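Take a look at the structure set out below.
The values are calculated or read from the model by the stated rules, or taken from the named source; none is laboratory data. Since this is a predicted model, take the numbers as computed values, not measurements. In this analysis, Cβ positions are derived from the backbone assuming ideal geometry, glycine residues included, and neighbour counts consider all displayed protein chains. Note: areas computed on protein heavy atoms with side chains; ligands, DNA, RNA excluded. Shrake-Rupley method; radii C 1.70, N 1.55, O 1.52, S 1.80 Å.
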Amino acid sequence: MFWRNYDYKLTLGVFFLLSLLVLALLSFFSPYDPVKWLQVQRDLPPSWPHILGTNSKGQDVFWEATFAIRNSLIIALIAASVSRIIALVVGFVAGHKGGTVDRMAMSLTDGILVLPLIMMLVLVASIMKGKLELWGLGILLAFFGWPWDARTIRAQVLSLRERDFTKTSILSGKGTLAIVFGEYFPHITPLLFSTVLNNMTWSISSEITLAVLGLNRLEVPTLGTMLYWAIRRQALLLGYWWWVFTPVALTIILLIGLYFVSIGLCESGNLTLSRK
Amino acid sequence: MMKFLKEYLVPRLIQYFFVVFLGLTLVFFVPRLLPQDPIREIVGQFQQHGAGLDAKTVETMVATFRELFGLSGSWHEQYWSFWKRIIRFDFGPSFFRFPTPVSELLLRFLPWTLWIMLTSTFLAWLLGNIIGGIAGYFPGRRWSRLLDVFSVAVRPIPYYTFGLILLIFFAYTWRLFPLGGGVSVGRSITFSVASLIDILRHSFLPMLTLLVLNGVGWYHQMKLLVQNVKGEDFVRYAKAGGVKPWWVISQYVLRNAMLPQVTGLALAIGQSYSAAIIVEIVFSYPGVGTLLYEAIARADYNLIMGIAAVSILTVSTLVLIVDLIYPLLDPRVRYR
């Protein structure tokens, strides 16, 4: 029954992500500067030419949203790629070496995992308040975002290590690196992609949290800071629903897209693994 | 019994102290590893917000900072005095509510957070596992597929966003629940039914947010687990031997699939706590999250440090409690 569900999820997910990518790319053709205030008339409901209305800062919500998606995606991509390196190294080393190294690596991983990570992020971000560039935020998120995935990768490596082909390679005298890249990597790839997407989801949610707490550079539009300004300027009480709903809807579409693609990849990954 | 102590209890206690040590050490060192000088940043931010406080108050604050960050003396002296403060539960005074001690504020706000967090975490775990288990046992049914669609669509939504959606619909649009707070304005907490209902009404939406988003995660994991357990011999024999389906589900399938989920619960507590903090901010619920929000807005760094330290202590203690409950549920651990 999984295979019946899997197709529509992957297709729908890819469709969501591609549409948002187009929106993000549109930001390069924006007629407005995303940082400047009072460029258009304020608080207009959706109508032509402002198809998603304007906000109390005097910005066009649609064009602001294109920048927000672009920046949120940039943060998520940086966080996901940097944390992938940490997760891969920890996962491979722990899984392949086993023994004491594995136990030490896993108690560190579990130790970080059970901490309330939001407090760590807040601690750093509150000192760097308003100075965190997009890449800085990405690296900060990467620094705390790797443990789950290191665990997942380690579990997979652990099971691959027991397979016949690994034993054959070890006995035929292949080096550790050759085994890691030649034997493990092809099997890990679908899983790796799915952890990238999950990590992007986590990073985007964490960015929203930090923004709502007022810890980002608030003038740079992201999905989080858009929401921050809307809440801060009482868009809900004043009834400017378009200002609140745009970032909310975009966040949901983006995260559901990422999640569906991740499930789809994971299930197709299992499929190829089990056929071999 | 000795074996149980040595193989189960002692490693858990070591892990507990390790996590507390790791977390609090991070709290101590992370601010120092940053390129910004924390003291200068904080005093700068504070002077912007702290107009109206006399110079002497500001001096006291700066002195507390220096001591907390331990910028007087060598770093290991500072680290030592940091731990001594933690053991005495002394985090200095709060700035925006000067001179209230940070520890007193935390004792006032933490119970609210624990109330919504513990209740919703436990309910989410229980309901998510039971519903997920039953859905995993009957994967083809229509209601089980509907649940799948719902859970898959809800699962990736961030806590803040989901809470905001509930707030917009149930508090702003339909006015079924209050917009925020822990109790109605001007009402004091008494031991009466009216007071209890008031508290429940205020905590309903934050709890619902946590319950749904956490529960959906348990639902998924349990469903996968049950699909594996279902294929095992003892379940097949039970069915073949004519054991009633509900008895098979509850006593054979769920009980066995639940155990790994207890370990999962221990690992998820940190996330539940973070989630509770975020959700409180949406509903301006008077817990640690709202306190943190104010602390950040007023650049009250003493309070931020205190909240971070107490959060780490709380979460790791809760994890330890779950780990200690586990042997009560799994006889294999007790009689090894």
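Do we find a residue being part of a helix (DSSP H, G or I) and open to solvent by 40 Å² or more (accessible area, probe 1.4 Å) anywhere in the stretch A:44-62? Let's see the steps before the verdict.
Step one: filter the stretch A:44-62 for residues part of a helix (DSSP H, G or I), giving A:61-62.
Next, only the ones that are open to solvent by 40 Å² or more (accessible area, probe 1.4 Å) stay: none.
There is no residue in the stretch A:44-62 that is part of a helix (DSSP H, G or I) and open to solvent by 40 Å² or more (accessible area, probe 1.4 Å).
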List the residue pairs whose Cβ atoms are under 7 Å apart, where the first residue sits in the stretch B:292-306 and is within 7 Å of chain A (Cβ to nearest Cβ), the second is outside any helix (DSSP H, G or I) and surrounded by 22 or more Cβ atoms within 10 Å (Cβ to Cβ), and the two are 6 or more positions apart or on different chains. B:Y293/A:L213; B:I296/A:L213; B:I296/A:L215
Filter pass, A:V196 being at pLDDT 85 or above, open to solvent by less than 40 Å² (accessible area, probe 1.4 Å) and more than 30 Å from B:S284 (Cα to Cα): yes
Of the candidates B:V235, B:V243, B:V262, B:V248, the one satisfying the condition of being away from chain A (no Cβ under 13 Å), under 30 Å from B:R201 (Cα atoms) and surrounded by fewer than 22 Cβ atoms within 10 Å (Cβ to Cβ) is B:V262
Which listed residue is surrounded by 16 or more Cβ atoms within 10 Å (Cβ to Cβ), within 27 Å of A:I231 (Cβ to Cβ) and either free of Cβ contacts under 8 Å to residues at least 40 places away in the same chain or in contact with a strand residue (DSSP E or B) (Cβ under 7 Å, 6 or more places away or on another chain) (or both), from A:I78, A:I127, A:I69, A:I118: A:I127
Within 25 Å of A:I208 (Cβ to Cβ), surrounded by 17 or more Cβ atoms within 10 Å (Cβ to Cβ), hydrophobic (A, V, I, L, M, F, W, C) and assigned by TED's automatic domain parsing to the domain that holds B:Q261: which single residue out of B:L147, B:L164 fits that description? B:L164
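I need the helices (runs of 4 or more DSSP H) fully contained in the stretch A:136-180, keeping only those with at least 1 residues that are out of contact with any His (no Cβ under 8 Å at 6 or more places or on another chain) and open to solvent by less than 20 Å² (accessible area, probe 1.4 Å). Outline the logic, then answer.
Details: elements: A:147-161, A:164-171, A:176-179.
It comes to A:147-161, A:164-171.
Answer with yes or no whether B:I14 is open to solvent by 50 Å² or more (accessible area, probe 1.4 Å), modelled with pLDDT of 70 or more and more than 12 Å from every other protein chain (Cβ to nearest Cβ). Reasoning before the result, please.
Details: open to solvent by 50 Å² or more (accessible area, probe 1.4 Å): yes; modelled with pLDDT of 70 or more: yes; more than 12 Å from every other protein chain (Cβ to nearest Cβ): no.
Judged against the criteria, B:I14 is not a match.
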Only one of B:R155, B:R201, B:R187 is at pLDDT 90 or above and away from every other protein chain (no Cβ under 14 Å), namely B:R201
Within the stretch B:48-70, how many residues are modelled with pLDDT under 65, of a type in the set (A, V, I, L, M) and over 32 Å from the mean Cα position of the chain (by Cα)? 2
Would you pick out the residues in the stretch B:143-170 that are part of a helix (DSSP H, G or I), hydrophobic (A, V, I, L, M, F, W, C), touching a helix residue (DSSP H, G or I) at 6+ places or on another chain (Cβ under 7 Å) and under 17 Å from B:M207 (Cβ atoms)? B:V154, B:F162, B:L164, B:I165, B:L166, B:L167, B:F170
Go through (1) within 20 Å of B:V27 (Cα to Cα); (2) more than 9 Å from every other protein chain (Cβ to nearest Cβ); (3) free of Cβ contacts under 8 Å to residues at least 12 places away in the same chain one by one and return the number of the condition B:V310 breaks. (3)
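Quick check on the stretch B:110-129. Is at least one of its residues within 12 Å of chain A (Cβ to nearest Cβ) and either in contact (Cβ under 8 Å) with a residue 60 or more places away in the chain or under 21 Å from the mean Cα position of the chain (by Cα) (or both)? First the steps, then the outcome.
From the stretch B:110-129, those within 12 Å of chain A (Cβ to nearest Cβ) are B:113, B:117; that's our starting set.
Add one more test, that the residue is either in contact (Cβ under 8 Å) with a residue 60 or more places away in the chain or under 21 Å from the mean Cα position of the chain (by Cα) (or both), and what stays is B:113, B:117.
Yes.
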So, in the stretch A:93-113, exactly how many residues are more than 14 Å from chain B (Cβ to nearest Cβ) and crowded, with 20+ Cβ neighbours inside 10 Å? 2
When the stretch B:171-182 is examined, which residues are found to be under 10 Å from B:L205 (Cα atoms), open to solvent by 30 Å² or more (accessible area, probe 1.4 Å) and within 13 Å of another protein chain (Cβ to nearest Cβ)? B:L179
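Given the residues A:I112, A:I127, A:I78, which is the only one that is hydrophobic (A, V, I, L, M, F, W, C) and modelled with pLDDT under 85?
Details: A:I112 fails: modelled with pLDDT under 85; A:I78 fails: modelled with pLDDT under 85.
Answer to the selection: A:I127.
Mind checking whether some residue in the stretch B:71-88 is touching a Leu at 6+ places or on another chain (Cβ under 8 Å) and closer than 30 Å to B:L205 by Cβ?
There is no residue in the stretch B:71-88 that is touching a Leu at 6+ places or on another chain (Cβ under 8 Å) and closer than 30 Å to B:L205 by Cβ.
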